Amino acid sequence: MVIDLEPLERAAARAGVEGVRARVVRHDRRTGRWFEVRGDELLVSERVLDRCLPQDACALLVGELLLRRRVRVLDSGFAGTAVLALPALGLGLALGSAPLAAAGGVLLLGVAVLWPMRRTRAAQAADDEAVALLGDATPLVRGLNEMDFEELHVAGRRLPARPDLHRRAERLVRRHRLCSAESAAPPA
């Protein structure tokens, strides 16, 4: 059976990644990646195509590409802060300078506490941007729900690949009033 990957290529262009050729790759249980862009190639996990309808896979791709763009900026900012904080902490401890060690420790603690919260906000913003680009939240919600059951296999253990997917899908359902039971709830 030949799978038409052109809709995914168009979806990637819609999200700002133009000129890529999609190719199906085997699912890697250790990384759980759905999509990867390498040069002019878009690698699509066979798992996405097995689980999702074509329009849902396209919505997932748009959301994933937008999220990666936001997280790349976020991660570089926090990495820069950590690069400054570690030497300050180490130097403060080595020299016995309590203020320098405290400043380095506070910066590292800030990174450890704020990074997960900011990453959650980045995912929500990417979801909202994807819905705005797509014009409908339904395919993204369906895609997130289908992929919510993915697991990573690491060192003989099974771990949820993306534990945030269900919360993100529920947020979109509430926000866009996709379910009649949620229609009375105000958008989040």
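The values are calculated or read from the model by the stated rules, or taken from the named source; none is laboratory data. What you see is a predicted model; the values in this text were computed from it and never measured. Here Cβ is always computed from backbone atoms with ideal geometry, including for glycine, and neighbour counts include all displayed protein chains.
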Identity of the residue in the stretch 27-59, touching an Asp or Glu at 6+ places or on another chain (Cβ under 6 Å) and more than 16 Å from LEU140 (Cα to Cα), that ends up surrounded by the most Cβ atoms within 10 Å (Cβ to Cβ): GLY32
Report yes if ARG72 is closer than 30 Å to LEU108 by Cβ, surrounded by fewer than 21 Cβ atoms within 10 Å (Cβ to Cβ) and at pLDDT 90 or above, otherwise no. no
When THR81 is run through (1) free of Cβ contacts under 8 Å to residues at least 60 places away in the same chain; (2) part of a helix (DSSP H, G or I); (3) within 20 Å of ALA57 (Cα to Cα), the failure sits at (3)
Take ARG23 and decide whether it is surrounded by fewer than 19 Cβ atoms within 10 Å (Cβ to Cβ) and in a strand (DSSP E or B). yes
Of everything in the stretch 123-139, what is of a type outside the set (Val, Ile, Thr) and in a helix (DSSP H, G or I)? Give them in sequence order. ALA123, GLN124, ALA125, ALA126, ASP127, ASP128, GLU129, ALA130, ALA132, LEU133, LEU134, PRO139
Of the residues in the stretch 136-150 that are among the acidic types (Asp, Glu) and surrounded by 13 or more Cβ atoms within 10 Å (Cβ to Cβ), the one that is farthest from GLN55 (Cα to Cα) is GLU150
Across the stretch 135-162, what is the total count of residues that are among the basic types (Lys, Arg) and free of Cβ contacts under 8 Å to residues at least 40 places away in the same chain? 2
Can you spot a residue in the stretch 121-140 that is closer than 25 Å to VAL24 by Cβ, out of contact with any Phe, Trp or Tyr (no Cβ under 7 Å at 6 or more places or on another chain) and among the small types (Gly, Ala, Ser)? yes
Could you list all residues from the stretch 107-147 that are within 17 Å of ALA161 (Cα to Cα), hydrophobic (A, V, I, L, M, F, W, C) and within 12 Å of the chain's Cα centre (by Cα)? ALA123, LEU144
Looking at ARG51, ARG72, which is the one that is of a type outside the set (S, T, N, Q) and in contact (Cβ under 8 Å) with a residue 40 or more places away in the chain? ARG51
